[in-house]
Amino acid sequence: MFTDPLGDCSPGDKRIYASILVLVASADGELVREEFCAIEALMGRILIHPEARIDISNLINDPPDLEELLITIDSSLIKFVLRDAALVAAVDGDYDAAELKVIKRLATAAGVKDNTLKEIFDWVNSGLAWHHQSLDILGL
């Protein structure tokens with residue numbers, strides 16, 4: 001996985017980041033395998049300690065309050081969360097209305113306009129298409 005400026009965040013900011021991703025994935029009432037794998041990969045990419053990752057994953061059963069989390073972080077971190085939340089929400093092949101509601105709240109909190117949010121969704125779609133292209137290339 002590629003390096004990311006999120007790796008330089010404090011452990012507390014990393015925990016908030018991952019907690020919001022869990023909140024997005026669980027917004028529709030279920031966490032599918034693809035979403036769980038995406039969150040695990042994103043937590044690994046920014047070097048969240050394995051023990052902390054277990055604690056964060058357990059938030060599925062009792063998701064944190066988004067508004068409380070948003071109070072404690074700055075807008076640049078919210079933008080990273082927004083980017084990766086769009087990816088997590090898309091990996092199962094469907095953007096659920098509840099997931100989109102959380103994503104739109106993140107966009108508002110970060111001051112991200114609708115046209116930029118659309119660009120993020122387009123970026124996610126092109127990335128997923130790029131990844132799936134490898135399956136076609138290899139005949140899988």
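As a summary of the residue check, G127 satisfies the conditions (1) farther than 23 Å from L66 by Cα; (2) free of Cβ contacts under 8 Å to residues at least 40 places away in the same chain except for the one numbered (2). If you go through the stretch 50-65 and keep only what is of a type outside the set (D, E, K, R) and within 13 Å of A25 (Cα to Cα), you end up with I56, S57, N58, L59, I60, N61, P63, P64.
Scanning the stretch 103-128 for residues that are of a type in the set (A, V, I, L, M), at pLDDT 95 or above and within 14 Å of V91 (Cβ to Cβ), we see that the one that is surrounded by the fewest Cβ atoms within 10 Å (Cβ to Cβ) is V124. For the stretch 49-66, the criterion of being touching a helix residue (DSSP H, G or I) at 6+ places or on another chain (Cβ under 6 Å), charged (D, E, K, R) and on the phi < 0 side of the Ramachandran plot is met by at least one residue. What are the residues in the stretch 1-41 that are of a type in the set (D, E) and either under 11 Å from L59 (Cβ atoms) or outside any helix (DSSP H, G or I) (or both), if any? D4, D28, E30, listed by residue number. Of the residues D4, D96, the single one that is modelled with pLDDT under 90 and among the acidic types (D, E) is D4. Considering the conditions (1) under 14 Å from the mean Cα position of the chain (by Cα); (2) at pLDDT below 95, H132 is excluded by exactly one of them, (1). Among the residues making up the stretch 94-115, a single one is of a type in the set (S, T, N, Q) and over 13 Å from I78 (Cβ atoms): N115.
One residue alone among E30, E119, E99, E34 is touching a residue at least 60 places away in the same chain (Cβ under 8 Å) and more than 14 Å from K14 (Cα to Cα), and that residue is E99. For residues that are among the aliphatic types (A, V, I, L, M), within 19 Å of I78 (Cα to Cα), in contact with a helix residue (DSSP H, G or I) (Cβ under 8 Å, 6 or more places away or on another chain) and surrounded by fewer than 20 Cβ atoms within 10 Å (Cβ to Cβ), tally how many sit in the stretch 7-48. Matching residues across the stretch 7-48 total 1.
The values are calculated or read from the model by the stated rules, or taken from the named source; none is laboratory data. Not measured: the values here are computed from a predicted model. Every residue, glycine among them, receives a Cβ derived from its backbone with ideal geometry; neighbour counts consider all protein chains shown.
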